[in-house]
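A.B. asks: One structure is given below, represented as structure tokens, and several questions about it will come after.
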Ligand code: UTP
């Protein structure tokens with residue numbers, strides 16, 4: 001688009017401030033800014049802003065969901081089925097590593113964070129350890145897809161190159177980039193990071209589906225005869241994605257989605273929990289959950305809404321493909337960011353960041369399995385710099401689990 005065409009478009013949507021500093025830019029920056037603007041879907045941005053307060057569980061029919069507990073099943077039968085799928089390369093894993101890790105405050109991709117284990121080990125390396133174990137056990141090199149964002153892609157890839165892919169076959173590690181959306185200020189104006197750049201942010205972990213399609217990962221999976229994808233948060237250092245039992249269960253019961261949970265130790269645990277919303281599987285966030293639901297118990301005194309979602313999900317490829325063509329709802333988070341004001345000064349202001357959540361895809365599955373595991377065996381998250389869910393607590397849990 002030319003300058004005039006761009007200005008015309010911006011005027012239509014009251015966003016002409018994006019060109020306020022255009023005349024101060026060099027030719028390359030000018031072209032680059034026009035290019036960034038041309039990629040924005042202004043109609044979509046407008047609807048995001050107008051609907052930003054719409055997501056609420058009030059008015060929805062919420063009911064408990066059925067859960068299968070690892071403790072209560074004959075795992076041997078399912079392991080046999082799952083192992084056959086793993087050995088024949090039908091399972092791949094995917095780490096979602098495109099997040100900004102704001103709470104951790106680490107200057108770099110979260111996966112590159114170095115942990116104080118028996119020897120200094122990055123988060124990514126803990127995943128390689130699991131892949132290597134699977135290689136030794138099943139004699140198969142499992143494909144590992146890693147979702148990055150524009151902000152951390154080069155650094156992430158560089159980290160693997162510098163470390164020689166931690167000894168894993170580099171042809172089996174595939175990076176792909178998730179989408180991004182502009183930040184909006186509280187009046188709905190698109191934010192500038194500086195005079196030459198729109199302030200973009202990754203579009204949430206629910207952006208994975210679109211990215212898998214756009215970056216040809218689904219195609220790659222098909223070409224390699226992969227039928228199931230285990231998708232996990234990068235920041236859980238006890239995550240167990242290569243799990244023959246849940247995979248066997250999923251195959252045996254012909255589920256197209258399986259999701260792990262753990263039982264919250266107390267009702268006040270702040271994780272999102274599984275439920276049925278209007279008859280469909282969903283996760284409701286703690287802050288959205290009415291108090292009477294948080295504390296409700298069944299006849300065995302178990303929490304009715306106590307199964308926490310912790311970001312370890314298995315999709316069959318047909319479901320992935322279907323979701324990748326549909327739009328997920330967008331959640332607005334209000335966060336402070338340093339944005340360039342029209343005055344030319346930077347201001348640390350409230351901005352809206354729009355994110356899709358992976359669990360909003362669950363309602364699109366034909367049949368879902370919720371599989372409860374033990375929290376101490378599979379969950380050691382790194383969210384905060386200090387205190388709960390910090391590197392210190394995660395390392396403690398990790399060492400306890402592995403006896404190191
Ligand atoms: P969180 O929602 O905890 O976000 O991500 P975060 O970016 O790690 O941390 P904060 O909230 O900024 O402090 C859960 C998982 O989803 C991934 C993260 O990398 C993490 O593995 N994620 C999140 C993405 O891959 N992309 C996103 O846009 C957001």
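The values are calculated or read from the model by the stated rules, or taken from the named source; none is laboratory data. Not measured: the values here are computed from a predicted model. Cβ placement follows ideal geometry from the backbone for every residue including glycine, while neighbour counts extend to all protein chains displayed.
A.B. asks: Find the helices (runs of 4 or more DSSP H) located wholly in segment 22-109 whose residues include 1 or more that are within 16 Å of the ligand (Cβ to nearest atom) and over 30 Å from residue 390 (Cα atoms), and list them. Walk me through it before giving the result.
C.D. replies: Numbers: elements: 27-38, 42-50, 75-87.
Here the list reads 42-50.
A.B. asks: What is the number of the single condition among (1) closer than 29 Å to residue 117 by Cβ; (2) surrounded by fewer than 21 Cβ atoms within 10 Å (Cβ to Cβ); (3) within 21 Å of the chain's Cα centre (by Cα) that residue 266 does not meet?
C.D. replies: (3)
A.B. asks: Answer yes if at least one residue in segment 235-255 is modelled with pLDDT under 95, within 16 Å of the ligand (Cβ to nearest atom) and in contact with a strand residue (DSSP E or B) (Cβ under 6 Å, 6 or more places away or on another chain), and no otherwise.
C.D. replies: Narrowing segment 235-255 to residues modelled with pLDDT under 95: none.
Within segment 235-255, not a single residue is modelled with pLDDT under 95, within 16 Å of the ligand (Cβ to nearest atom) and in contact with a strand residue (DSSP E or B) (Cβ under 6 Å, 6 or more places away or on another chain).
A.B. asks: How do the strands (runs of 3 or more DSSP E) wholly within segment 160-227 filter down when requiring 3 or more residues that are within 24 Å of residue 101 (Cβ to Cβ) and out of contact with any helix residue (DSSP H, G or I) (no Cβ under 7 Å at 6 or more places or on another chain): which remain? Steps first, answer last, please.
C.D. replies: Numbers: elements: 173-177, 180-182, 192-194, 200-202.
It comes to 200-202.
A.B. asks: Inspect segment 322-334 for any residue being closer than 30 Å to residue 114 by Cα and either in contact with a strand residue (DSSP E or B) (Cβ under 7 Å, 6 or more places away or on another chain) or surrounded by 15 or more Cβ atoms within 10 Å (Cβ to Cβ) (or both) and give the result as yes or no.
C.D. replies: Just the residues of segment 322-334 that are closer than 30 Å to residue 114 by Cα, to begin with: 333-334.
Imposing the further condition that a residue be either in contact with a strand residue (DSSP E or B) (Cβ under 7 Å, 6 or more places away or on another chain) or surrounded by 15 or more Cβ atoms within 10 Å (Cβ to Cβ) (or both) reduces the set to 333-334.
Within segment 322-334 (the criterion being closer than 30 Å to residue 114 by Cα and either in contact with a strand residue (DSSP E or B) (Cβ under 7 Å, 6 or more places away or on another chain) or surrounded by 15 or more Cβ atoms within 10 Å (Cβ to Cβ) (or both)), the answer is yes, since at least one residue qualifies.
A.B. asks: Can you go through 119, 87 and tell me which one is in contact (Cβ under 8 Å) with a residue 12 or more places away in the chain and either under 20 Å from residue 371 (Cα atoms) or out of contact with any strand residue (DSSP E or B) (no Cβ under 9 Å at 6 or more places or on another chain) (or both)?
C.D. replies: Working: 119 fails: in contact (Cβ under 8 Å) with a residue 12 or more places away in the chain.
Selected residue: 87, the only one of 119, 87 that is in contact (Cβ under 8 Å) with a residue 12 or more places away in the chain and either under 20 Å from residue 371 (Cα atoms) or out of contact with any strand residue (DSSP E or B) (no Cβ under 9 Å at 6 or more places or on another chain) (or both).
A.B. asks: Starting from segment 94-115, take each residue that is more than 21 Å from residue 173 (Cβ to Cβ) and without any contact (Cβ under 8 Å) to a residue 40 or more places away in the chain and list its partners that are near the ligand (Cβ under 8 Å from one of its atoms) and assigned to a loop (DSSP other than H, G, I, E, B), counting only C-beta distances under 6 angstrom and pairs at least six apart or across chains.
C.D. replies: Once the first residue is more than 21 Å from residue 173 (Cβ to Cβ) and without any contact (Cβ under 8 Å) to a residue 40 or more places away in the chain and sits in segment 94-115, no partner that is near the ligand (Cβ under 8 Å from one of its atoms) and assigned to a loop (DSSP other than H, G, I, E, B) comes close enough.
A.B. asks: Sticking with this one: So, in segment 185-212, how many residues would count as being touching a residue at least 24 places away in the same chain (Cβ under 8 Å) and more than 16 Å from the ligand (Cβ to nearest atom)? I'd like the intermediate steps shown before the answer.
C.D. replies: As a first pass, look at segment 185-212 and keep what is touching a residue at least 24 places away in the same chain (Cβ under 8 Å): 185-186, 188-212.
Cutting the leftovers down to more than 16 Å from the ligand (Cβ to nearest atom) gives us 185-186, 188-198.
Adding up the residues that qualify gives 13.
A.B. asks: Which of the strands (runs of 3 or more DSSP E) contained wholly in segment 316-404 include at least 2 residues that are within 14 Å of the ligand (Cβ to nearest atom)?
C.D. replies: Numbers: elements: 331-340, 346-355, 368-372.
The strands (runs of 3 or more DSSP E) meeting that bar are 331-340, 346-355.
A.B. asks: Output the qualifying pairs, or none if there are none: Cβ atoms under 6 angstrom, residues six or more apart or on different chains, first residue in segment 224-238 and touching a residue at least 24 places away in the same chain (Cβ under 8 Å) and farther than 22 Å from residue 397 by Cα, second residue assigned to a strand (DSSP E or B) and within 11 Å of the ligand (Cβ to nearest atom).
C.D. replies: From residues that are touching a residue at least 24 places away in the same chain (Cβ under 8 Å) and farther than 22 Å from residue 397 by Cα, the pairs are 229/94.
A.B. asks: Kindly indicate whether residue 130 is outside any loop (DSSP other than H, G, I, E, B), closer than 26 Å to residue 376 by Cα, out of contact with any helix residue (DSSP H, G or I) (no Cβ under 9 Å at 6 or more places or on another chain) and in contact (Cβ under 8 Å) with a residue 40 or more places away in the chain.
C.D. replies: yes
A.B. asks: Another question, if that's okay. Restricting to segment 261-290, name every residue that is more than 15 Å from residue 63 (Cα to Cα) and part of a strand (DSSP E or B).
C.D. replies: Matches in segment 261-290: 261, 262, 263.
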